[in-house]
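Asks: Here's a structure for you.
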Amino acid sequence: MQSRFEQGVDRIVRLGRKGCDVMEALGRAGLFLGQSAVGIPSREGWYLWLRQMHFVGVLSLAIVIVSGLFIGMVLALQGYTILVDFGAEQALGQMVALSLLRELAPVVAALLFAGRAGSALTAEIGLMKATEQLTSMEMIGVDPLRRVIAPRLWAGFVALPILTVGFGVVGIWGGYLVGVQWLGVFEGSYWSNMQASVSFVSDVGNGMIKSLVFAIVVTWIAVFQGYDLVPTSEGISRATTRTVVYSSLAVLGLDFVLTAVMFGGL
Amino acid sequence: MTDVPFIEIEDVHFSRGSHEIFRGINMIIPQGKVTAIMGPSGTGKTTLLKLIGGQLTPDQGRILVDGQNVHRLSRKALFTLRKRMGMLFQSGALFSDLNVFENVAFPLRVHTNLPDAMIRDLVLLKLEAVGLRGARHLSPAELSGGMARRVALARAIALDPELILYDEPFVGQDPISMGVLVQLIKRLNEALALTSVVVSHDIKETLSIADYLYLLADGQVVAEGTPHTLNANQDPRVSQFVHGEPDGPVPFHYPAETLYSDILGQATATRAG
């Protein structure tokens, strides 16, 4: 039997080992990002990137657009019921636009992107690893980091900000649909209030910076989880789950930090 | 041996976790010959190929390929060296997003600037050699295991490498394609002066094509020699393997406590409990 003291020491040792593992994984992930994302693409690389843009970008368009529409509509509905009590329903356009551009478009689009494209990237790369395709590529003398990983990383970096713009635009239009067409807010005040209060640099610009940060983090997590997983069916399923969980947490946590820096006067 | 060595393996130790796979192995693989590495399952034959290809790093010792220390090379130099190697994987490891033709064309497309028409001719010639020219439009998912491995062989020889590492080339082949493969490996070796390393436990086929053999067991080279000397070897470990006898010094069973105590001990304990 172990004494209580030994058990305590054991627990500390395990904790320390866990900490070391986490730091090591972070280091590997950092090296991985540096080795794969930096470099000038070849002509073939551009083609591979375009194919991935289709896969992670175009195919995610439907879910992002539909969600954007509904979120815009709900925002207008909820906003109207509150604003109308103060007789301030003319400010509906301003409310819808600011919530979408500053917060909802970057965050929700990133969460959807992690679920739709991130998990698929992890599973695809994981399966390539499990079936030794990555190893055989290495043995042919082609670096999988450049050939498989880099196009996927860059496609994610570019696709998510574009999807976010789409989300925002459709969301504002959804708000217009409900607020103006259905609830009867004056159309002129919906648009002109929005125009007067939304600043291109601090609202649209900061929203886009957020979106770019989320794009880098989500794609990085997804691709690294796929590349680093244990090549078994269980390993693939775990890594896919981890991609969605880690990237969702990272997006929400980073959103708070970025908001605090951008709008919180830090 | 008086041949020029192409691969030199010097005192290589390797372990996975606490499991020791190699305890100081030494090998010389001569240029232009077929060298076979044999041994029971789980002796690390595939691991050895991965060490030669630079995918794994030994804990101790070094591996020279054509005079270059594989594990001291920069990433770029290692990839340049790998262009001169072909490796046939046990699973085939074909790229699932490309069809058979494109899989074989892949090394040519990335490493050469040949015009499309010439790539097409080369690919068809390689596929003809493995008897799968007619299967060029199929996707890897539509191939059987044996066919996938033949396509993988065509891909491995696409760039006419100087060295080919074969990982279990004969597994899952029907007798006809087995005979063709054996001939193909031999012919490739003679016609192109390739250095071939064949990892296998198909004794008959391997003995028929190998110029020199190494027998691995317990993380060490237990015997080496030409097929003739190995056949005549009196060491019980060697003759047990070469003649496929169930009883001998090499255990068939994975280490465990005795069957008696495993089954009856359990029963006694249950009854008592």
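Asks: Within the range B:45-83, can you find the residues that are charged (D, E, K, R) and away from every other protein chain (no Cβ under 14 Å)?
Replies: Once the filter is applied, which keeps residues that are charged (D, E, K, R) and away from every other protein chain (no Cβ under 14 Å), the range B:45-83 yields B:Lys45, B:Asp59, B:Arg62, B:Asp66, B:Arg72.
Rundown of residues vs (1) crowded, with 20+ Cβ neighbours inside 10 Å; (2) under 17 Å from the mean Cα position of the chain (by Cα); (3) closer than 23 Å to B:Phe14 by Cβ, yes/no style:
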| residue | (1), (2), (3) |
| --- | --- |
| B:Lys186 | no, yes, no |
| B:Ser196 | yes, yes, yes |
| B:Asp202 | no, yes, no |
| B:Leu207 | no, yes, no |
| B:Tyr212 | yes, yes, yes |
| B:Thr226 | no, no, no |
| B:Leu230 | yes, no, no |
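Asks: Within the range B:89-114, track down each residue that is under 29 Å from B:Pro5 (Cα atoms), facing chain A (nearest Cβ under 8 Å) and assigned to a helix (DSSP H, G or I).
Replies: B:Pro107, B:His111
Asks: Mind checking which residues of the range A:181-205 are more than 17 Å from A:Pro106 (Cα to Cα) and part of a loop (DSSP other than H, G, I, E, B)?
Replies: Within the range A:181-205, A:Leu183, A:Gly184, A:Val185, A:Phe186 qualify.
Yes or no, residue by residue, for (1) surrounded by fewer than 16 Cβ atoms within 10 Å (Cβ to Cβ); (2) under 17 Å from the mean Cα position of the chain (by Cα):
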{"residue": "B:Asp11", "(1), (2)": "yes, no"}
{"residue": "B:Phe14", "(1), (2)": "no, no"}
{"residue": "B:Gly17", "(1), (2)": "yes, no"}
{"residue": "B:Phe22", "(1), (2)": "no, yes"}
{"residue": "B:Gly39", "(1), (2)": "no, yes"}
{"residue": "B:Leu49", "(1), (2)": "no, yes"}
{"residue": "B:Gln55", "(1), (2)": "no, yes"}
{"residue": "B:Ile63", "(1), (2)": "no, yes"}
{"residue": "B:Asp66", "(1), (2)": "no, no"}
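Asks: Starting from residues that are more than 7 Å from every other protein chain (Cβ to nearest Cβ) and under 17 Å from A:Phe224 (Cβ atoms), keep the ones in the range A:132-147 and report whichever is surrounded by the fewest Cβ atoms within 10 Å (Cβ to Cβ).
Replies: A:Arg146
Asks: Residue check: is A:Ala29 touching a helix residue (DSSP H, G or I) at 6+ places or on another chain (Cβ under 9 Å) and surrounded by 10 or more Cβ atoms within 10 Å (Cβ to Cβ)?
Replies: yes
Asks: When residues of the range B:115-141 are filtered for being outside any helix (DSSP H, G or I) and either at pLDDT 90 or above or crowded, with 18+ Cβ neighbours inside 10 Å (or both), how many remain?
Replies: Qualifying residue count, the range B:115-141: 7.
For every residue, the table says whether it meets (1) away from chain B (no Cβ under 14 Å); (2) in contact (Cβ under 8 Å) with a residue 60 or more places away in the chain; (3) under 13 Å from the mean Cα position of the chain (by Cα).
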residue: A:Leu127; (1), (2), (3): no, yes, no
residue: A:Pro151; (1), (2), (3): no, yes, no
residue: A:Trp154; (1), (2), (3): yes, yes, no
residue: A:Trp182; (1), (2), (3): yes, no, no
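Asks: Tally up the residues in the range A:220-258 that are of a type in the set (Val, Ile, Thr) and surrounded by fewer than 17 Cβ atoms within 10 Å (Cβ to Cβ), please.
Replies: Number of matching residues: 5.
Asks: Can you name the number of the only condition in (1) outside any loop (DSSP other than H, G, I, E, B); (2) surrounded by fewer than 22 Cβ atoms within 10 Å (Cβ to Cβ); (3) touching a helix residue (DSSP H, G or I) at 6+ places or on another chain (Cβ under 9 Å); (4) within 12 Å of chain A (Cβ to nearest Cβ) that B:Gly86 fails?
Replies: (2)
The values are calculated or read from the model by the stated rules, or taken from the named source; none is laboratory data. This structure is a prediction, so every number in the text was calculated from the model and none was measured. Here Cβ is always computed from backbone atoms with ideal geometry, including for glycine, and neighbour counts include all displayed protein chains.
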